[in-house]
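The structure appears right after this line, and notes come after that.
The values are calculated or read from the model by the stated rules, or taken from the named source; none is laboratory data. All of these numbers come straight from a predicted model, not from anything done at the bench. Cβ placement follows ideal geometry from the backbone for every residue including glycine, while neighbour counts extend to all protein chains displayed.
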Amino acid sequence: MDIDEKKMVDIEEEIRSLQLDSGDATEMIDETAQHEELEKVDKMEEDSKEEVHNQAVEVEKKVKEKENSALDEEATFEKELPKKRHLNVVFIGHVDAGKSTTGGQILFLSGQVDDRTIQKYEKEAKDKSRESWYMAYIMDTNEEERVKGKTVEVGRAHFETEMTRFTILDAPGHKSYVPNMISGASQADVGVLVISARKGEFETGYERGGQTREHVQLAKTLGVSKLLVVVNKMDDPTVNWSKERYDEIESKMTPFLKASGYNVKKDVQFLPISGLIGTNMKTRVDKSVCSWWGGPCLFEALDATEIPQRDPKGPFRMPIIDKFKDMGTVVMGKVESGSVREGDSMVVMPNKAHVKVLAVFCDEDKVKRAGPGENVRVRLSGVEEEDILSGFVLSSISRPIPSVSEFEAQLQILELVDNAIFTAGYKAVLHIHAVVEECEIVELLQQIDPKTKKPMKRKVLFVKNGAIVVCRVQVNNLICIEKFSDFPQLGRFTLRTEGKTVAHKRQAESVGLQCYISWQHDRRDTTTAPSLETRATEVGSAIGDRRSEIGLIGSELATPTAWPQILPCLRHLDVLPRPSAPPLRPPS
């Protein structure tokens, strides 16, 4: 082999060697890259796991923060709520029994009124030849009430004991003002039935026609489950703290209280007092004055009253008893369920006005939050004062109170006027929480046996005094009402006619709306407005001078928003016939 060939072979071997080295290097590079890729994937997985873990920790942290926030909020709520419990106390009884005087004496003894004010009232009462009425002037602030010597409106005042904050509701005793008494009793937690021990006065109030009986029946119907019966005027010369007179009154009242539904042993307490001079009110009566009495004084009895069960976490319900303008629309009422605080979104029923709570006031103090049983003033935005009526209900949006114009109820007939019969077509005035509305019985469905409490098989066409009957009740305008089993305080009502209470409810269930007033369910719906405006204008012309009886004149008659107030009046005047139409159920 020559030298050139040898060189060629060496070059080929070198090239082959280089190729092998290159392949090995490539393989090594590929392995290295693969290894790096695997490491990268592993790192990404680790990073991902760490990120997921961090996210889980963050979520858990947020959940704990939310739970702690909820606990803090609940704790704050407990701190915000007044430490003392609150009770509404309604003073009821026959006219001149001494309700306002007793209420005034309570305010004086609890330090709400000073001696100088009392001296002023003494002089004023003497000038009006009513020397013994000066204590009543503390509660009767209206000049008309002072001149007449009779309470007309429900007086309202506040006092405190060591354990309880009380709101006094001083109800009128005269039969002409029973609707006002109903308004007061519907807000009460406990009742104080004031009875005069003076000769002749107890008998006048207790016998038929007296207001003692009707007030007791109304109080029980309206949910006043606890009753203090204070036998007043025990210092009167005709009584002189006589045990015989006190026992006589107690023995006559006890059977009647039982018949009215009270458990006398558990829910009723009798005690003697003198409202005028304050004996046995803040402190127990001295044995030298009344040797036979060993029971509590009035303040002690009030403090010992059990508080009703209330649900601060339930759906919010506050029947509106009054409204006014003050840097917005302010509504007043008693919280029956749930709680309210600044910033809450609510709905006013039945007109479905969505509102926001700007401020909450308890008594005279601004508070962040108020719970059930409190009397509050709530400042709202989103609604005008003129769009709210007494009897509307401030309600939670998630669970608003039902609004209906027809419902079924079980009624107990108490006393029909002139022994009339109770049948379909019977008309009366319905009182439920703050609502006063004309109603009609459209159908009797079932009569209940008063002894067995079971439905009777025979078809019922009419009933008389003492009967228990299930019927359908229809009202002209939408009202807010609850099933008695869900909200007893918003499912109780009373029917009155010609100044007498004829029936009260035993339970209620909503049925639905009638189509002829279904448009009122949302007053912002103006689809029916043109025909309503035309009809209203025609009716306005037809009534002529009787327009004043409606209370709406001029252009207001031609506006759709005025119709909820116009329709009942027109039907009452027999100008506008009631349309007949099949029931229209609200959407479920």
Out of 194, 216, 230, report the one residue that is surrounded by 22 or more Cβ atoms within 10 Å (Cβ to Cβ), touching a residue at least 12 places away in the same chain (Cβ under 8 Å) and part of a helix (DSSP H, G or I). 216
Hits in region 293-319 - residues which are surrounded by 13 or more Cβ atoms within 10 Å (Cβ to Cβ) and under 18 Å from residue 246 (Cα atoms): 293, 295, 296, 297, 298, 301
Can you confirm whether residue 329 is under 30 Å from residue 255 (Cα atoms), of a type in the set (Ser, Thr, Tyr), crowded, with 18+ Cβ neighbours inside 10 Å and touching a strand residue (DSSP E or B) at 6+ places or on another chain (Cβ under 9 Å)? no
Condition (residue is among the aromatic types (Phe, Trp, Tyr), surrounded by fewer than 17 Cβ atoms within 10 Å (Cβ to Cβ) and modelled with pLDDT under 95) applied to region 199-212: is it met by at least one residue? no
Please go through region 112-136 and give me each residue that is closer than 25 Å to residue 301 by Cα and either among the polar types (S, T, N, Q) or touching a residue at least 40 places away in the same chain (Cβ under 8 Å) (or both), ordered by number. 112, 135
If only one of 343, 391, 338, 373 is outside the structural domain of residue 440 (by TED's automatic domain parsing) and under 30 Å from residue 256 (Cα atoms), which one is it? 373
Please go through region 197-213 and give me each residue that is in contact (Cβ under 8 Å) with a residue 24 or more places away in the chain and of a type outside the set (Gly, Ala, Ser), ordered by number. 198, 199, 201, 202, 204, 206, 211, 212, 213
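Condition check ((1) among the hydrophobic types (A, V, I, L, M, F, W, C); (2) touching a residue at least 24 places away in the same chain (Cβ under 8 Å); (3) in contact with a helix residue (DSSP H, G or I) (Cβ under 6 Å, 6 or more places away or on another chain)) across all residues:
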residue	(1), (2), (3)
400	no, yes, no
403	no, yes, no
415	no, yes, no
418	no, no, no
421	yes, yes, no
442	yes, yes, no
454	no, no, no
458	no, no, no
Scanning for something in the same structural domain as residue 413 (by TED's automatic domain parsing), in contact with a strand residue (DSSP E or B) (Cβ under 6 Å, 6 or more places away or on another chain), under 15 Å from residue 411 (Cα atoms) and β-branched (Val, Ile, Thr), does region 472-480 turn up at least one residue? yes
